[in-house]
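Below: the structure, in structure tokens.
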Amino acid sequence: MTNPFPQDFLWGVATAAHQVEGNNVNSDTWFLEHLPGTIFAEPSGDAVDHYHRYREDIALIAGLGFTTYRFSLEWARIEPEEGRFSAAALDHYRRVLEACHEHGLTPVVTFHHFTSPLWLLRAGGWENDRTAELFARYCDRAMAHLGDLIGVACTLNEPNLPWLLESFGIGGEAPENRGKVPVWAAAAERLGVDAGTVAPFQFCSTEAGFAVKLAAHRAGTAAIKAHRPDLQVGWTLANSDIQSIPGGEEIADRVRRDVNERFLEASRGDDFVGIQTYGRTVYGPDGHAPAPEGAATNQMGEEIYPQGLEATVREAWRVAGVPVIVTENGLATDDDTQRLAYLKTAVDGVASCLADGIDVRGYIAWTAFDNFEWIFGYRPKFGLIAVDRSTQERTPKDSGRWLGGYAREHAAARITQPA
């Protein structure tokens, strides 16, 4: 196939603040990690200390050949108390952005990647009508300090994920039933609120939550555009390739509608939509179907299915009708040869989409480093760079060297300054 990748295609790796920075003590997720009955396998602790090691980390990412680094700002650091913004935290993220530019990396910045300030959770989290306004205020303050250095902006990361998790039987409790769930009951007791109001971003799948997230995305977009009308802004979606086996068609159609299609429809009019796909999700008559017998699986027992990315990119283009950036794609495995094969197939799928005229503007792998993977803790290894957490030593894997080399080969021109 003739090289279909445009010269300004974004080739990168991604991280999220809470997963790599460490000691995000003012966030709701840190709070939830330490509760009795927590659903988190272990606390995040120091993570991989990216908060202090960002300079060498960014140099390493650029040295591998990538042209893009996607990372998130941490709202809980920037606004640790409601209405009180930290100049020190904003200055830190400005230094991170400057380091990206020094090394020729386009910064793709996510304003909210799952974690929120603990005070927001206490105030009703992502079912509180005020949250959209509060998120927009934070975006405004961040843009005033950082906006001139941002290359691409993502408002919210995976607002649709809770609906996908609910289809697996994870979360999805109605407000009136949350008090029966140990972790939400413990959270409510510690916060001094009713359990029905405990609505963290990752686990909020009510219709009120959908409305608040959509309002926050639009208010945040407006706040970002007020500072930089030219800046490309979108949100990123957890879109699995939804399939069915006989008897599961109705369930699959419902999940596809709830998780993928309505969020893609809401993306119409945005500058782009970020697509984050790890495989396929198959439904049978009893709901989520296990991996096919004999199929290779990742560390969470899920089928390894890199072809899913091409399917979701095509779906996004068909439904949303806006440019697509692959903002996450990767594999949890201790076997880097599996990861390398997975990445090759996924990238070939993106090339096929481009060859068919689909406007795909980047491929950003998840993740730069083996890191904290939310409720699963540190066991899943998605990183293109290994980390020995006893020493914090970084070691690039063959998969990272291959993808970085592929990026270098195909990136004839680097875009190092905001448009």
Name the residue that is surrounded by the fewest Cβ atoms within 10 Å (Cβ to Cβ), counting only residues in segment 377-411 that are closer than 15 Å to residue 57 by Cβ and aliphatic (A, V, I, L, M). 386
Just give me the residues in segment 1-22 being buried (at least 17 other Cβ atoms within 10 Å of the Cβ) and assigned to a loop (DSSP other than H, G, I, E, B), in sequence order. 4, 5, 9, 15, 16, 21, 22
Residues that are surrounded by 19 or more Cβ atoms within 10 Å (Cβ to Cβ) and within 16 Å of residue 267 (Cβ to Cβ): does segment 346-358 have at least one? no
Restricting attention to segment 176-218, the residues that are in a helix (DSSP H, G or I) and either closer than 19 Å to residue 158 by Cβ or touching a Ser or Thr at 6+ places or on another chain (Cβ under 7 Å) (or both) number exactly 16
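Yes/no per residue for (1) within 23 Å of residue 410 (Cα to Cα); (2) assigned to a loop (DSSP other than H, G, I, E, B); (3) modelled with pLDDT under 95; (4) of a type in the set (Ser, Thr, Tyr):
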{"residue": "283", "(1), (2), (3), (4)": "no, no, no, yes"}
{"residue": "291", "(1), (2), (3), (4)": "no, yes, yes, no"}
{"residue": "309", "(1), (2), (3), (4)": "yes, no, no, no"}
{"residue": "313", "(1), (2), (3), (4)": "yes, no, no, no"}
{"residue": "321", "(1), (2), (3), (4)": "no, yes, no, no"}
{"residue": "325", "(1), (2), (3), (4)": "yes, no, no, no"}
{"residue": "339", "(1), (2), (3), (4)": "yes, no, no, no"}
{"residue": "343", "(1), (2), (3), (4)": "yes, no, no, no"}
{"residue": "346", "(1), (2), (3), (4)": "yes, no, no, no"}
In contact (Cβ under 8 Å) with a residue 60 or more places away in the chain and either assigned to a helix (DSSP H, G or I) or surrounded by 14 or more Cβ atoms within 10 Å (Cβ to Cβ) (or both), is that true of residue 57? yes
Among residues of segment 311-342, those that are farther than 25 Å from residue 233 by Cβ and either open to solvent by 40 Å² or more (accessible area, probe 1.4 Å) or over 18 Å from the mean Cα position of the chain (by Cα) (or both), counted: 11
Among residues belonging to segment 190-209 that are open to solvent by 20 Å² or more (accessible area, probe 1.4 Å) and among the polar types (S, T, N, Q), point out the one that is nearest to residue 150 (Cα to Cα). 206
Of the residues 64, 118, 105, which single one is among the aliphatic types (A, V, I, L, M), within 21 Å of residue 385 (Cα to Cα), open to solvent by 10 Å² or more (accessible area, probe 1.4 Å) and touching a residue at least 60 places away in the same chain (Cβ under 8 Å)? 64
Among the listed residues 47, 41, identify the single one that is closer than 11 Å to residue 371 by Cα, touching a residue at least 24 places away in the same chain (Cβ under 8 Å) and part of a loop (DSSP other than H, G, I, E, B). 47
Quick one: which residue in 263, 168 is among the aromatic types (Phe, Trp, Tyr) and modelled with pLDDT under 95? 168
Of all residues in segment 151-175 being in a loop (DSSP other than H, G, I, E, B) and among the aliphatic types (A, V, I, L, M), the one that is least open to solvent (accessible area, probe 1.4 Å): 174
Looking only at segment 128-138, decide whether some residue is outside any helix (DSSP H, G or I), open to solvent by less than 50 Å² (accessible area, probe 1.4 Å) and in contact with a Gly (Cβ under 7 Å, 6 or more places away or on another chain). no
Pairs, first within 18 Å of residue 144 (Cα to Cα) in segment 210-229, second open to solvent by 10 Å² or more (accessible area, probe 1.4 Å) and not in a helix (DSSP H, G or I), C-beta under 8 Å, six or more apart: 221/270; 228/418
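Okay, residues lined up against (1) over 30 Å from residue 257 (Cβ atoms); (2) among the hydrophobic types (A, V, I, L, M, F, W, C); (3) touching a strand residue (DSSP E or B) at 6+ places or on another chain (Cβ under 6 Å):
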site: 97; (1), (2), (3): yes, yes, yes
site: 129; (1), (2), (3): no, no, no
site: 144; (1), (2), (3): yes, yes, no
site: 151; (1), (2), (3): yes, no, yes
site: 154; (1), (2), (3): no, yes, yes
site: 163; (1), (2), (3): no, yes, no
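The values are calculated or read from the model by the stated rules, or taken from the named source; none is laboratory data. As the structure is a computational prediction, the values presented were derived from the model and not from experiment. Cβ atoms come from the backbone with ideal geometry, glycine included; neighbour counts cover every protein chain shown. Ligands, DNA and RNA are stripped out before the accessible areas are found, and what is left, the full protein with its side chains, is counted by its heavy atoms. Shrake-Rupley method; radii C 1.70, N 1.55, O 1.52, S 1.80 Å.
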